[in-house]
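All remarks here apply to the structure that follows.
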Amino acid sequence: MDTHAPRRIILDTDPGIDDALAILLALASPELSLEAITVTGGNCSLAQGVDNALRVLALAHATHVPVLAGLETPLIRPPLTAPETHGDTGLGYARLEPSPQVAGSRHAVDLLIEQIMAAPGEMTLVAVAPLTNVALAIRREPRIVKAVREVIIMGGALLHQGNTTPVAEFNTYVDPHAAHIVYHSGMPITLAPLDVTYQCVLTQRDVSRLLALNSPIAQFIADATRFYMEFHDDYQGIQGCVINDPLALALTFAPELVTTRPLYVTVDLSSELGMGQTIGDFYNAWQHSPNLRVALQVRARAFIDLFVTRMEALIRSMNAAIS
Ligand code: BDR
Ligand code: CA
């Protein structure tokens, strides 16, 4: 493996406003090679999420990145979407042009397995959606557990309240059975839970910095996050919006943004009241070995500045290419 080559990543996602920002951050990061986007139902339906991914790639002139549809519904529970958080289309008030690119004809789970197994130790998986696709890939080809280089997951809430039930975070709540399979799979997982993502608030002032550059990408970010900010204000009293998924993506090349610790974490499947809660055994009461590295502290402003600076660079490079 060439240690200077960009790190190869696959993004498993349910786009989604912050998912769309994670796609843009991947494209704006020279340390990364975005090899594919795999989609699952979550924030919006599977078909809508695939279409959103295609449109965001087209916006960024990146239609070479394959987009593949995966599972529409969670393994066991009924689907749950989040139009109050992400809007009816999943992208807030943004209205993007249709893409000339079509989704790949293969199943996302097949692609995940094939790409990971084709280059053992090379592929990093960034999973920022309900873990349905990843769990099914593990069940279908258990050898991916050892073949994947690293898995970075946005999900869970350890010492933080939930954002979907009082105890459960959205991705974990939507498919808790999949999360349970993945967390206990033995994959080398770093978890970015709400404990860290809820410190990372993108503000109107940050968005204004981008709007000053006058570009379709800046306008997209402004239109999408305006809806997202209204949600955060109305439902959670937060001024600005929490950009969960881009933080997970950034940990592929800037792990120093967070402080992690090994921890035994499991997912509650036992009752409706606690469904999807991520329980961390901080005092080692159960005497299990840690199964995850969990991010519990974050240099939040450094991350937001990194995000905005990279969006500025992406916009400038695109403006330069078309002038
Ligand atoms: C997670 O759920 C979705 O709403 C976001 O896209 C993020 O992946 C946060 O709980
Ligand atoms: Ca997401």
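FYI, it's all coordinate maths here, none of it is from the lab. These figures come from a predicted structure and were not determined experimentally. As a convention, Cβ positions derive from the backbone with ideal geometry for all residues, glycine included, and neighbour counts pool all protein chains shown.
Restricting attention to the range 170-190, report how many residues are more than 14 Å from ligand 2 (Cβ to nearest atom) and not in a helix (DSSP H, G or I).
7
Do we find that I37 is among the β-branched types (V, I, T) and assigned to a strand (DSSP E or B) in this structure?
The answer is yes for I37.
Hey, among V265, V258, which residue is β-branched (V, I, T), crowded, with 21+ Cβ neighbours inside 10 Å, closer than 16 Å to P193 by Cα and under 17 Å from the mean Cα position of the chain (by Cα)?
Criteria check complete, one pass: V258.
Can you name the number of the only condition in (1) surrounded by fewer than 19 Cβ atoms within 10 Å (Cβ to Cβ); (2) assigned to a loop (DSSP other than H, G, I, E, B) that K146 fails?
(2)
If I filter the range 61-72 for residues that are in contact (Cβ under 8 Å) with a residue 24 or more places away in the chain and more than 28 Å from V148 (Cβ to Cβ), do I get at least one hit?
Yes - at least one qualifying residue is present in the range 61-72.
Quick one: count up the residues across the range 1-34 that are more than 16 Å from R149 (Cα to Cα) and within 16 Å of ligand 2 (Cβ to nearest atom).
The total comes to 14.
Give G70, G92 a once-over and let me know the one that is surrounded by 19 or more Cβ atoms within 10 Å (Cβ to Cβ) and under 17 Å from Y235 (Cβ atoms).
Sole residue among the options that is surrounded by 19 or more Cβ atoms within 10 Å (Cβ to Cβ) and under 17 Å from Y235 (Cβ atoms): G92.
From V126, V134, grab the single residue that is closer than 16 Å to I9 by Cβ, within 15 Å of ligand 2 (Cβ to nearest atom) and assigned to a helix (DSSP H, G or I).
After applying the criteria, what remains is V134.
So, in the range 157-186, how many residues would count as being within 9 Å of ligand 1 (Cβ to nearest atom) and either without any contact (Cβ under 8 Å) to a residue 24 or more places away in the chain or under 20 Å from Y264 (Cβ atoms) (or both)?
Residues that pass the stated criteria total 5.
Under 8 Å by Cβ, and 6 or more places apart or on different chains, what pairs join a residue from the range 200-227 that is within 12 Å of R95 (Cα to Cα) with one that is basic (K, R) and not in a helix (DSSP H, G or I)?
Listed by first residue and then by second, the contacts come to D223/R95.
Return the residues of the range 64-91 that are more than 15 Å from P130 (Cα to Cα) and in contact with a Ser or Thr (Cβ under 7 Å, 6 or more places away or on another chain); say none if nothing qualifies.
L68
Please give the number of the condition S29 fails out of (1) among the hydroxyl-bearing types (S, T, Y); (2) outside any loop (DSSP other than H, G, I, E, B); (3) crowded, with 21+ Cβ neighbours inside 10 Å.
(2) is the only condition that S29 fails.
Go through the range 43-61 and count every residue that is surrounded by fewer than 19 Cβ atoms within 10 Å (Cβ to Cβ) and outside any helix (DSSP H, G or I).
Of the residues in the range 43-61, 2 are surrounded by fewer than 19 Cβ atoms within 10 Å (Cβ to Cβ) and outside any helix (DSSP H, G or I).
Since H160 meets every condition but one in (1) under 15 Å from V182 (Cβ atoms); (2) touching a Phe, Trp or Tyr at 6+ places or on another chain (Cβ under 8 Å), which condition does it not meet?
(1)
Just need a number here: residues in the range 3-26 that are surrounded by 21 or more Cβ atoms within 10 Å (Cβ to Cβ) and charged (D, E, K, R).
Residues in the range 3-26 being surrounded by 21 or more Cβ atoms within 10 Å (Cβ to Cβ) and charged (D, E, K, R): 4 in total.
Please go through the range 35-83 and pick out each residue that is more than 16 Å from ligand 2 (Cβ to nearest atom), of a type outside the set (D, E, K, R) and in contact with a strand residue (DSSP E or B) (Cβ under 6 Å, 6 or more places away or on another chain).
A36, L54, V65, P66, L68
Looking at T38, is it among the hydroxyl-bearing types (S, T, Y), surrounded by fewer than 22 Cβ atoms within 10 Å (Cβ to Cβ) and either away from ligand 1 (no atom under 16 Å from the Cβ) or under 23 Å from G276 (Cα atoms) (or both)?
Taking the combined requirement at face value, the residue does not satisfy it.
Do you know which of the residues in the range 1-35 that are within 12 Å of the chain's Cα centre (by Cα) and among the small types (G, A, S) is farthest from ligand 1 (Cβ to nearest atom)?
A26
Inside the range 199-249, can you point out the residues that are of a type in the set (S, T, Y), surrounded by fewer than 20 Cβ atoms within 10 Å (Cβ to Cβ) and within 30 Å of L292 (Cβ to Cβ)?
Correct list: Y235 only.
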